[in-house]
Amino acid sequence: MITLIILFLSIVALLFLVQQLLKNSPQGKFLKSLRDLLLIVLALGITTGVFYVGFRLIRFLI
């Protein structure tokens with residue numbers, strides 16, 4: 001679980017870095033693609049985490 005938290009925080013930090021780089025050069029298509037990819041990975045990670053915690057909770061209650 002601690003690994004997931006570290007991964008989540010790392011992706012958020014990378015997303016912040018890309019956002020700051022985009023402020024300096026708004027024409028960067030690569031940076032925009034990287035930002036979009038990081039957002040997708042972050043959303044999938046959060047979704048997976050929610051389903052995992054829900055699954056563990058249901059198993060505990062049943």
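Structure summary
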quantity	calculated
Angle in degrees between helix 2-24 and the longest Cα principal axis of the chain, rounded to the nearest 10	20
Share of carbon and sulfur in the accessible heavy-atom surface of region 8-62 [1.4 Å probe, %]	75
Residues of the chain: accessible area per residue with a 1.4 Å probe, Å²	86
Mean projected area (nm²) of the alpha-carbon convex hull when region 1-61 is viewed from all directions	4.2
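The values are calculated or read from the model by the stated rules, or taken from the named source; none is laboratory data. Everything numeric in this text was worked out from a predicted model, so none of it was measured. The accessibility values were calculated without ligands, DNA or RNA, using every heavy atom of the protein model including side chains. Shrake-Rupley method; radii C 1.70, N 1.55, O 1.52, S 1.80 Å.
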